[in-house]
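Coordinate-derived values only; no laboratory data. None of the values given here were measured: they were computed from a predicted structure. Cβ sites come from the backbone with ideal geometry, for glycine too, and all protein chains shown count toward neighbours.
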Amino acid sequence: MNVFRLLGDLSHLASIIILLHKIQTTRSCRGISFKTQALYVAVFVARYPDLLFRFISFYNSIMKLIFIASSCYILYLMRYRFRPTHDPSIDTFRVEYLIGPCFVLGLIFNYGFNMTEVFWSFSIFLESVAILPQLFMLQRTGEAETITTHYLAALGIYRALYIPNWIYRYFTEDGVVDPIAVTAGIVQTGLYLDFFYVYFTKVLQGEKFELPA
Amino acid sequence: PVKEHPKDEL
């Protein structure tokens with residue numbers, strides 16, 4: 001565990017808290033892509049079955065449980081509690097175009113051809129693109145509530161911080177590197193660059209998040 | 001607990 005990794009995980013945790021806070025206080029899931037949230041449930045469920053048969057650390061298990069539970073809870077809030085506030089007509093990204101190719105990539109690139117490993121790889125690839133329905137929705141509406149942009153920024157920063165974490169681990173742990181996670185992680189961070197640009201130049205200067213027409 | 005492999009990052 002190094003400082004980048006810890007801050008990354010805390011940023012991930014913060015993003016979940018911000019999202020829950022947004023839904024609860026505005027009593028609305030407006031501006032949030034149900035499809036992206038559903039993909040995160042798929043990501044965590046595919047990646048963390050090792051909870052059942054392998055103990056890594058208390059920290060590791062607790063975080064995994066929090067991610068699975070909170071992502072399911074968010075889906076529940078969107079699907080049942082605040083269903084009328086979600087507009088499916090703007091959440092139109094075709095997720096099958098993400099799930100299919102990610103599964104094929106998981107079959108090709110993995111660390112062992114068995115269920116656990118293929119699903120692990122699949123989850124890594126899927127996580128890297130899971131934000132696309134959300135960004136697509138943002139693109140369509142051209143604007144976002146400030147709190148929603150804080151959520152997205154925390155989520156993007158989480159992945160961005162994993163990159164210095166890998167560099168740090170590479171140099172301090174004798175060349176340790178995970179090519180699948182690193183490749184997917186760089187792609188995932190790259191997807192946020194446009195968003196980060198607007199977030200840091202506008203939202204953090206006190207302006208509303210608006211995309212140029 | 002075993003040392004965390006890069007694969008076991010969250």
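In this simple spin-label approximation, A:F171 and A:L211 carry label points 7 Å from Cα along the Cα→Cβ vector, and these lie 3.7 nm apart. Full extension of the segment from A:Y73 to A:E117, taken as 0.36 nm per residue of separation minus the current Cα-Cα distance, would add 13.2 nm. For the cross-link pairs A:K22/A:K202; A:K202/B:K7; A:K22/B:K7, the ones whose C-alpha atoms lie over 29 Å apart are A:K202/B:K7; A:K22/B:K7.
Counting Cβ atoms of other protein chains within 10 Å of each Cβ in A:159-166 and taking the mean gives 1. P(r) of the range A:64-111 in 10 Å steps, Cα pairs, percent per bin? The distribution over the range A:64-111 is 21, 27, 39, 12, 1, given as percents. Once you order the gyration tensor axes a ≥ b ≥ c over the Cα atoms, which shape class does the range A:1-117 get: rounded for a/c under 1.5, otherwise prolate or oblate by comparing a/b with b/c? Oblate, since a/c reaches 1.5 and b/c is not below a/b. Its residue count N sets the reference 2.2 N^0.38 Å, and the alpha-carbon radius of gyration of the range A:93-140 equals 1.26 times that reference. So how far, in whole Å, is the C-alpha centre of the range A:122-191 from the one of the range A:80-121? Centre-to-centre (Cα) distance: 15 Å. Descending by average beta-carbon neighbour count within 10 Å, the peptides A:33-39, A:11-17 line up as A:33-39, A:11-17, the highest first. Between A:L6, A:I32, A:P49, the Cα set farthest toward the positive side of the dipole of the range A:1-64 (charges on each charged residue's Cβ, about the Cα centre) is that of A:I32.
Calculated mean residue ellipticity at 222 nm for chain A: -22500 deg cm²/dmol, from DSSP H runs with n ≥ 4 weighted as -39500 (n - 2.57), summed, divided by the residue count and rounded to 500.
Could you compute how fast the protein assembly as shown diffuses translationally, taking Rh as the Kirkwood radius over C-alpha pairs and applying Stokes-Einstein at 20 °C with viscosity 1.002 mPa s? Give it in µm² per second.
Result for D is 118 µm²/s.
According to the square roots a ≥ b ≥ c of the eigenvalues of the Cα gyration tensor, what is the shape class of the range A:104-213, taking rounded for a/c under 1.5, prolate for a/b larger than b/c otherwise, and oblate for the remainder? Oblate, since a/c reaches 1.5 and b/c is not below a/b. The residue among A:S89, A:I68, A:V187 whose Cα reaches farthest toward the positive pole of the charge dipole of the protein assembly as shown, with charges on the beta-carbon of Lys, Arg, Asp and Glu, is A:S89.
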